[in-house]
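**Student:** There's a structure below that I have some questions on.
Each reported figure results from applying straightforward, stated rules to the coordinates on display, with no laboratory input. Computed from a predicted structure; not experimentally measured. When we count neighbours, we look across all protein chains shown, and the Cβ atoms used for this are built from the backbone with ideal geometry, even at glycine.
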Amino acid sequence: MSIDFQTLHKVNEGKTKIIYENPEDASTVFMLFKDDITAGDGVKHDVIEGKAHVDWQTNRDIFEYLNRKGLPTHYVSSPEDRVSIVKKLDFKINLEVVTRRVAAGSILKWGKFTEGTRFDPLITQFHYKDDALHDPMLDETYIDYMIQAKGSTEYQEMREINAQVFEILEDAFAHFKIQLVDFKLEYGLIDGKVTLIDEITGGSFRLWPYAKEKPDLNQANVLAELDPKGRLDKDTYRMGGDLSTVKSKFDAIAALTAGFKDLP
Ligand code: 5GP
């Protein structure tokens, strides 16, 4: 099978993917990965040849693992290179849902946490998805009000699914001696159900290798147990790493997630 995208109706084009109608099945759409990489709400932008391919592989292996574990996701299949089939959304929830195990990135600025602080239970925050506004974080009081006074159970469901996905992927990466530090996921409604959508790739999370054979990850700060300099994620790009190094990190992630199919 080789899909001729020139002939298909483009539903939407984002920074890293294009969505096309699936003429053979109105309940699904095609998701085509692009070689583009962006950071800083789209201000920094490059094209890395072959990135679409490794992102497609990583996304496929992670979503197939999550589907196997019974999580509600939009993912159906990956019929050819760079192409996934996903369920069509009834409604896209315009939020980024960030869950953190280890303090890194923006929480060091606004949360006054020391890098490496371990969060147990996990911390989850909602950000309104808007590049021009720099994805502002929603106020916790507002979210609690929406859940309690307005009965908006979707927030609670997103929190729960985010935590479940985090724990599943944290365990999976632990098999390869990698700590899942944090990630960002997105949601929509499909058949009235809160469902995990979008992509999960090297740009979605922070991954830090273990610094030791047997790290002690049950302490208040785990920085000394991990190797942030060996990071496998998009921070390499955000911090100004050259594009071939960035690509090698994304290749390494795809090589790891290829092993997810052999996990129980
Ligand atoms: P932070 O808020 O610390 O910058 O990011 C927390 C986590 O969410 C990191 O794993 C980061 O990669 C991810 N993240 C935050 N904002 C975005 C975004 O706009 N796009 C993507 N792909 N990931 C994001």
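**Student:** From the helices alone, meaning DSSP H stretches of at least four residues, give me the mean residue ellipticity at 222 nm for the chain, per-run term -39500 (n - 2.57), in deg cm²/dmol to the nearest 500.
**Tutor:** -8500 deg cm²/dmol
**Student:** From the residues Tyr145, Thr38, Leu223, which one has its Cα farthest along the dipole of the chain in the positive direction, the dipole being from +1 and -1 charges on Cβ of Lys/Arg and Asp/Glu about the Cα centre?
**Tutor:** Value computed over the given set: Leu223.
**Student:** Give a residue-ordered list of calculated ³J(HN,Hα) values for segment 118-123 (Karplus: 6.51 cos²θ - 1.76 cosθ + 1.60, θ = phi - 60°; whole Hz; x for Gly, Pro).
**Tutor:** So the Karplus estimates, Gly and Pro as x, are 9, 9, 9, x, 4, 9 Hz.
**Student:** Starting with the fewest neighbours, write out Ile161, Ile123 ranked by other beta-carbon atoms found within 10 Å of each beta-carbon.
**Tutor:** Ile123, Ile161
**Student:** May I pose another question? From zero up to wherever the largest Cα-Cα distance of segment 1-128 sits, split into 10 Å bins and tell me the percent of pairs in each.
**Tutor:** 11, 31, 36, 18, 5, 0
**Student:** Given a cut-off of 23 Å, name the pairs among Lys34/Lys69; Lys69/Lys193; Lys112/Lys247; Lys212/Lys249 whose C-alpha atoms lie farther apart than that in the structure shown.
**Tutor:** Lys34/Lys69; Lys112/Lys247
**Student:** Select from Thr236, Thr201, Ala254 the residue farthest towards the positive end of the dipole of the chain; place +1 on Cβ of Lys and Arg, -1 on Cβ of Asp and Glu, and compute about the Cα centre.
**Tutor:** Sorting the options by dipole projection puts first Thr236.
**Student:** Just how far, in whole angstrom, is segment 129-161 from segment 60-109 if you go by their alpha carbon centroids?
**Tutor:** Centre-to-centre (Cα) distance: 18 Å.
**Student:** If you keep only loop residues by DSSP, which GluC sites (Glu not before Pro) in segment 194-264 have at most 11 other Cβ atoms within 10 Å of their Cβ?
**Tutor:** The qualifying sites are Glu213.
**Student:** Still on this structure, please answer the following. From the phi of every residue in segment 215-222, what ³J(HN,Hα) in whole Hz does the Karplus formula 6.51 cos²θ - 1.76 cosθ + 1.60 yield, where θ is phi - 60° and glycine or proline is x?
**Tutor:** Running phi through 6.51 cos²θ - 1.76 cosθ + 1.60 with θ = phi - 60° gives x, 9, 9, 9, 9, 4, 9, 10 Hz.
**Student:** Next question, about the same structure. Enumerate the helices in the chain for which the Kyte-Doolittle hydropathy averages -1.0 or more and the C-alpha atoms extend at least 18 Å along the helix's axis, using complete DSSP H runs.
**Tutor:** TM-like helix candidates: 153-174, 243-257.
**Student:** From Cα pairs below 8 angstrom and at least 6 apart in sequence, can you work out the relative contact order of segment 145-264, rounded to a whole percent?
**Tutor:** 18 percent
**Student:** For segment 26-84, state which GluC sites (Glu not before Pro) are in a DSSP loop and have at most 13 other beta carbons lying within 10 Å of their beta carbon.
**Tutor:** Those satisfying the criteria are Glu49.
**Student:** Can you compute 3J(HN,Hα) from phi for each residue in segment 103-116, using the Karplus curve 6.51 cos²θ - 1.76 cosθ + 1.60 with θ = phi - 60°, rounded to whole Hz and x for Gly and Pro?
**Tutor:** Working through the residues one at a time gives 5, 7, x, 5, 5, 5, 7, 8, x, 6, 8, 7, 3, x Hz.
**Student:** Going by how many other beta carbons lie within 10 Å of each one, how would you line up Glu140, Glu167, fewest first?
**Tutor:** Lowest to highest Cβ neighbour count: Glu140, Glu167.
**Student:** For segment 51-152, what's the relative contact order in percent, using C-alpha pairs closer than 8 Å and at least 6 residues apart?
**Tutor:** 17 percent.
**Student:** Could you line up Lys88, Lys184, Lys234 from fewest to most neighbouring Cβ atoms inside 10 Å?
**Tutor:** Lowest count first: Lys88, Lys184, Lys234.
**Student:** Sticking with this one: Please report, to one decimal in angstroms, the Kirkwood hydrodynamic radius of the chain built from all distinct Cα-Cα pairs.
**Tutor:** Evaluated on the chain, it is 19.2 Å.
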